[in-house]
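Participant: The structure is given below, and queries will be raised subsequently.
Just so you know, all these numbers are worked out from the coordinates, no wet-lab data involved. Worth saying up front: this structure is predicted, and the values here are computed from it rather than measured. Glycine also receives a Cβ, built like all others from the backbone with ideal geometry; neighbour counts cover every protein chain displayed.
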Amino acid sequence: MSSRLLLAACLLLAPACLLDRSTTNGRPDPAALSTLTPGKSTATDVVRILGAPSEVVQLGKRSAYRYEHSVAKRTGLWLIVIGSLNTDTHSDRVWAFFDEHGVLTHVASSFESDRAEFRLSWSD
Amino acid sequence: MVRLIGRALGACALALLGSSCIVLVFSRTRTHQPLEEARIAELVPGATTFDEALARCGAPTDVWELAGDARAIAYGWVDSRGDNVNLQLPLSRDFTPNLELEQGRKNLYGVVLFFDAHDVLTAVQRGSLLTLKRESTPSAELE
């Protein structure tokens, strides 16, 4: 009985924790987006203001540029042979859509990278 | 007393050895924020425009072209749970066999909005983004 208690104590007293944060690309500047004007700004203007896009998508004669900044937070807890590992990833995204002449038609943005949290796998 | 100490040391040795070889991991992966149902319900095929969809749903996670100069935008998210038994045997410096048995559910989900060449919404589909993209992309080239 006491050996079982000792084993239980070993399991409880020897945890290992992991906190890891990784980011991908720089964050698009929300203020810079307001300077872009659909129907007027061009692809050159967008690249000058936001920098090189993460992805260029050809949409028939039209095109779209994606800007994405992501934050991943990883939380781990190990108790000898049992572990919990949670990865929470959120991103800031900006899509700039252009017509066949390279003129900006639409801009869409979502800023969610701040929602990434350190939390355990069973938490909601 | 000696026997008790021996058993305790044996148990600790077993536990320490086991920590590097066999690990039961309860893992969870969450990526992106799910699109709210209320926003999806506001989308009306035949009426909602591309501009309105972007204003209501925000920046998509993926965009691709469709046949006839049409296009699709996708909102995807992941919330997967996996209970993994990870067995590692460090046999040598350069060789570590790793056997991973996974049981659990993986949930890769998303909503795809299809627009015609005039940027009017034609359909809203739910499901695996990869499958929906494969089924609707004119070229077979997919990452």
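Participant: Just to be sure I understand, how many residues within the stretch B:31-73 are more than 20 Å from A:His69 (Cβ to Cβ) and without any contact (Cβ under 8 Å) to a residue 24 or more places away in the chain?
Facilitator: 9
Participant: With the requirement that a residue be under 24 Å from A:Thr24 (Cβ atoms) and not hydrophobic (A, V, I, L, M, F, W, C), what does the stretch A:85-105 give you?
Facilitator: Selection gives A:Asn86, A:Thr87, A:Asp88, A:Thr89, A:His90, A:Ser91, A:Asp92, A:Arg93.
Participant: Go through A:Trp78, A:Trp122 for me and flag whichever is among the aromatic types (Phe, Trp, Tyr), more than 20 Å from B:Asp62 (Cβ to Cβ) and exposed (fewer than 14 other Cβ atoms within 10 Å of the Cβ).
Facilitator: The match here is A:Trp122.
Participant: For the stretch B:61-73, name all the residues that are in a strand (DSSP E or B) and touching a Phe, Trp or Tyr at 6+ places or on another chain (Cβ under 8 Å).
Facilitator: If the condition is that a residue be in a strand (DSSP E or B) and touching a Phe, Trp or Tyr at 6+ places or on another chain (Cβ under 8 Å), then B:Val63, B:Arg71, B:Ala72, B:Ile73 are the ones that fit.
Participant: Looking only at the stretch A:72-96, how many residues end up being in a loop (DSSP other than H, G, I, E, B) and among the polar types (S, T, N, Q)?
Facilitator: In the first step, residues of the stretch A:72-96 are kept if they are in a loop (DSSP other than H, G, I, E, B); the result is A:80-81.
Right, trim to among the polar types (S, T, N, Q) and you get none.
So the answer is 0.
Participant: Restricting the stretch A:81-101 to residues that are among the small types (Gly, Ala, Ser) and in contact with a helix residue (DSSP H, G or I) (Cβ under 6 Å, 6 or more places away or on another chain), which is surrounded by the most Cβ atoms within 10 Å (Cβ to Cβ)?
Facilitator: A:Ala96
Participant: Which residue out of A:Arg27, A:Arg4, A:Arg66, A:Arg21 is basic (Lys, Arg), touching a residue at least 12 places away in the same chain (Cβ under 8 Å) and within 11 Å of chain B (Cβ to nearest Cβ)? Step through it out loud before you land on a result.
Facilitator: Values: A:Arg27 fails: within 11 Å of chain B (Cβ to nearest Cβ); A:Arg4 fails: touching a residue at least 12 places away in the same chain (Cβ under 8 Å); A:Arg21 fails: within 11 Å of chain B (Cβ to nearest Cβ).
After ruling out the rest, the residue left standing is A:Arg66.
Participant: What tally of residues in the stretch A:72-96 results from selecting those that are charged (D, E, K, R), closer than 29 Å to B:Arg71 by Cα and at the interface with chain B (Cβ under 7 Å from one of its Cβ atoms)?
Facilitator: Residues in the stretch A:72-96 being charged (D, E, K, R), closer than 29 Å to B:Arg71 by Cα and at the interface with chain B (Cβ under 7 Å from one of its Cβ atoms): 1 in total.
Participant: Filtering the stretch A:97-124 down to residues that are facing another protein chain (nearest Cβ under 10 Å) and assigned to a strand (DSSP E or B), which residue is farthest from the chain's Cα centre (by Cα)?
Facilitator: A:Thr105
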